[in-house]
Amino acid sequence: MEENDFVSIWLEESGNPAIAELTQLNLALANKTIETLANQGLSENDLAISLDINPDEIKRWLTGRHAFSIKTIKEISDILADYATKPVG
């Protein structure tokens, strides 16, 4: 996550532990997504196509500029599970 993104700034100002936990969960999912894509030789664009989402939205999620919704977490989890069962390449 970028050091000066709006989420980090807001957390510093509010200090809300529930929001901090949610932010950490979002960051963990973003990191797992990046790792899985790399392990499978896939790009952010491949994920965008799989989810039928604008690649810019994927970039915002993976850099911590936009929080994942529960629906999105489920969709990404399903896609990552599918990628994990496919041969690399």
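Brief remarks on what is shown
- Positions within segment 36-48 being surrounded by 13 or more Cβ atoms within 10 Å (Cβ to Cβ) and assigned to a helix (DSSP H, G or I), in sequence order: Thr36, Leu37, Glu44, Asp46, Leu47, Ala48
- Annotation note: of Leu47, Leu29, the sole residue that is hydrophobic (A, V, I, L, M, F, W, C), out of contact with any Asp or Glu (no Cβ under 6 Å at 6 or more places or on another chain), at pLDDT 85 or above and within 17 Å of Ile79 (Cβ to Cβ) is Leu47.
- Residue selected from segment 50-89 under the condition among the hydrophobic types (A, V, I, L, M, F, W, C) and open to solvent by 90 Å² or more (accessible area, probe 1.4 Å), by the criterion modelled with the lowest pLDDT: Val88
- Neighbours by Cβ (under 7 Å, 6+ apart or cross-chain): first from segment 30-43, over 13 Å from Arg60 (Cα atoms); second in a helix (DSSP H, G or I) and aromatic (Phe, Trp, Tyr): Thr36/Tyr83; Gln40/Tyr83; Leu42/Tyr83
The values are calculated or read from the model by the stated rules, or taken from the named source; none is laboratory data. All of these numbers come straight from a predicted model, not from anything done at the bench. Positions of Cβ are backbone-derived with ideal geometry, glycine not excepted, and every protein chain shown enters the neighbour counts. Accessible surface is based on the protein model in full, side chains and every heavy atom, while ligands, DNA and RNA are left aside. Shrake-Rupley method; radii C 1.70, N 1.55, O 1.52, S 1.80 Å.
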